[in-house]
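Notes follow the structure.
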Amino acid sequence: MKDIFEVAIEGAKAQTDLDKLLTKAIKAARRLEEVTERGIELGMVKPIRGKVLLSQARAATGAVSSAAYAFAVLHKEQTMVCAENGCDIPPVTSVGGVVVFGGGDR
């Protein structure tokens with residue numbers, strides 16, 4: 001990266017990758033919660049163990065969501081830094097896997 005514009009571009013690429021990967025991870029984690037619930041319903045484990053397993057699965061989903069939140073906050077701050085330095089790039093077109101059609105300021 002030779003200049004601030006390349007830094008901004010590489011940062012945007014990294015944020016895009018993180019957004020895509022974390023969105024996939026959250027969806028997979030939710031599926032795992034459903035699988036865990038179904039296994040409990042079918043009697044694969046005793047109730048107290050099932051409670052622990054389900055709590056673990058939900059906590060793990062929350063951890064992935066917390067990571068996504070941390071990167072979203074970082075993205076906002078880094079965007080402000082780029083804007084202050086005159087090297088901001090065009091706005092994103094999706095957020096957490098949801099396509100953005102418009103709305104307020106980033």
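The values are calculated or read from the model by the stated rules, or taken from the named source; none is laboratory data. These numbers come from a predicted model, not from an experiment. Quick reminder, even Gly has a Cβ in these numbers, built from the backbone with ideal geometry, and neighbours come from all protein chains shown. Side chains included, ligands, DNA and RNA excluded: accessible areas come from the protein's heavy atoms. Shrake-Rupley method; radii C 1.70, N 1.55, O 1.52, S 1.80 Å.
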Rounded accessible area of I40 (nearest 10 Å², 1.4 Å probe): 50 Å²
For the chain, size of Cβ-based charge dipole, Lys and Arg +1, Asp and Glu -1, in debye: 780 debye
Most mobile listed residue (K13, K46, K27) in the chain, GNM with C-alpha springs under 10 Å: K46
Members of K27/K51; K20/K51; K51/K76; K24/K76; K20/K46; K2/K27 lying beyond 28 Å, as alpha-carbon distances in this model show: K20/K51; K51/K76; K20/K46; K2/K27
Nearest 10 degrees, 0 to 90: helix 47-84 Cα axis against the chain principal axis: 0 degrees
Between helix 4-41 and the chain: long-axis angle, C-alpha atoms, 0 to 90°, nearest 10: 10 degrees
Simple Cβ-charge dipole of region 1-53, Lys/Arg +1 and Asp/Glu -1, about Cα centre, in debye nearest 20: 420 debye
